[in-house]
1. Looking at B:436, B:401, B:396, can you tell me which residue is surrounded by fewer than 17 Cβ atoms within 10 Å (Cβ to Cβ), within 30 Å of residue B:328 (Cα to Cα), within 14 Å of another protein chain (Cβ to nearest Cβ) and over 22 Å from the mean Cα position of the chain (by Cα)?
2. With the condition kept exactly as written, say whether any residue in segment B:321-337 is surrounded by 20 or more Cβ atoms within 10 Å (Cβ to Cβ), within 14 Å of chain A (Cβ to nearest Cβ) and touching a helix residue (DSSP H, G or I) at 6+ places or on another chain (Cβ under 9 Å).
3. Scan A:96, A:109, A:102, A:121 and give me the residue that is more than 7 Å from every other protein chain (Cβ to nearest Cβ) and free of Cβ contacts under 8 Å to residues at least 24 places away in the same chain.
4. Mind counting the residues in segment A:218-233 that are within 27 Å of the chain's Cα centre (by Cα), more than 7 Å from chain B (Cβ to nearest Cβ) and surrounded by 12 or more Cβ atoms within 10 Å (Cβ to Cβ)?
5. Within segment A:24-31, is even one residue surrounded by fewer than 12 Cβ atoms within 10 Å (Cβ to Cβ) and at pLDDT 55 or above?
6. Just one of A:240, A:251 is facing another protein chain (nearest Cβ under 9 Å), at pLDDT below 90, out of contact with any strand residue (DSSP E or B) (no Cβ under 7 Å at 6 or more places or on another chain) and farther than 30 Å from residue A:109 by Cα; which is it?
7. Of all residues being within 11 Å of chain A (Cβ to nearest Cβ) and under 27 Å from the mean Cα position of the chain (by Cα) in segment B:404-422, which is surrounded by the most Cβ atoms within 10 Å (Cβ to Cβ)? Just the residue, please.
8. Being without any contact (Cβ under 8 Å) to a residue 40 or more places away in the chain and touching a helix residue (DSSP H, G or I) at 6+ places or on another chain (Cβ under 7 Å) narrows it down to one of B:28, B:24, so name that one.
């Protein structure tokens, strides 16, 4: 009888321990799954978009231009295609604007983007998912000083940098009875130079590049990891066999 | 190390190496140390899975020391900003990750090692609970262990500030501000600890000094004391019986085996290879540990002007953070904050009293009664719950429930705040009522000798 009670309690404890896992499953905001790629062509494409659209205000001051050789750029190509400010390939990807100026002009200095893909991860999704959703969620909003707002980041200070690609996206904004804002994105009224699919592709490439930049060594890390684990598995077999011999005569 | 005098000095076999060893051994207790602590230290032969974690803790300790030394070569405890606006401390960690050859590996070893240290230490401590390893005559072994745990928490807390990210900064800010709740002298104490009115450059520099020098020294000394005390009284085992009671004609315990090589190579080495497989699996494929080993917000540089929306300490502190948050009442006109700090520290220190709280006739769970088994199961639940709730905001509810004005009072039962209080009370009652229930529990008869295969 008693053992039954204990068995029941063990099961109960198991269930209680499992509750947090269930409870955590409820996510807050919906993020689109980012199609992150490690393909070099796509990363290079993302790098070009980054340099053209982001690197004017946002720095990536932890990344050296010549590190882009790791995603397949030739050294001369880097200076030719990506550097417009007379720096050399050994420089960090900084911007001319100082943080103090930026704060005076925009109210808040645009954050450095070197680690943005790692920093933006949350319970709702990976950092890439956030960025992929965010960069496709801008809409025109007359109430904002820049004329732009964002569904994933309400009342954002930054205007839509890639509006010429996506077009002037708009949204239907409604408020429910609890005054909670509800934003429904609709197709751009003024089309951009890219179709919706092409824009999504361009953003996916850009996000892939931001992910790469967050941890350039990630690919190498995983490759080395496979070899380390295979080695340790083999080493375990040897140490296990060796260890057993010491216990053979102990009874 | 009184035991050393029992061993004869080494006699040379006439070879050159033998002569050198004899010369050395006459001047230094080399062979006697080796024998007393390794080759002629007899450990019970019935160790099981739970006895791996002590040696694993030593392996992780070595990893932390070696990688820490290399990190100090490149890390800069400097809160000033680079021209691009990043704090130099924050930037230097990323410099290690990106520019120092192999630096990412060293840094991930250290960050993964921090979490693994707590994983193996928690399991090591739980082993003590299972088999009564803290009971007479091992009270000091246990107390040194509790002090090691305390040092470990101090090191982890200070080390976490060093990358100078958002979580580093605000975690330290919140925890240190709790000291200001101490009546009368509180504000002065927190200012003294921080070296400034807020967490600032002075705090970073002193935490660096304490993290890389002072506390590791204390930790190392305590580890030596922990092992010396253990080897003085001998190891406990899963049966909780003393192997020293039955010795052969040479005074060697009948149920003992030499620690080296049977346990070092025959037991701990393969186990540590398995541990390293888990370690490197995390390091190479999951270094952020789902945001629990490296918190996502800590990839943002410290910004004293912007508090993160959601603040939680690293996972290994969350149980004690929950105990801190459980106190929301101002007893005896003293601020709830200070009761929180007291309960957080009490949660650790109460462990040190275990040897005197436990009055069961049997040490090991194998022979203890149903009350212990049930209460221990719930103790595990309480610790897991407190760990989990510490990672959540105060407004957290289970099952994704959001209370509104007209929700039923029963919704309190699924609120995180209620469970934080409930399981904190359980955690303390488990210890405080132990003298009573451990005595009346129906134990099975304990065998004279260990059970082996």
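1. B:401
2. Yes, because at least one residue in segment B:321-337 is surrounded by 20 or more Cβ atoms within 10 Å (Cβ to Cβ), within 14 Å of chain A (Cβ to nearest Cβ) and touching a helix residue (DSSP H, G or I) at 6+ places or on another chain (Cβ under 9 Å).
3. Step by step, each of A:96, A:109, A:102, A:121 is checked, and only A:96 is more than 7 Å from every other protein chain (Cβ to nearest Cβ) and free of Cβ contacts under 8 Å to residues at least 24 places away in the same chain.
4. 3
5. yes
6. A:251
7. Out of the qualifying residues, it is B:419.
8. Matching residue, one of B:28, B:24: B:24.
The values are calculated or read from the model by the stated rules, or taken from the named source; none is laboratory data. Everything numeric in this text was worked out from a predicted model, so none of it was measured. Virtual Cβ from ideal backbone geometry, glycine too; neighbours counted across all protein chains shown.
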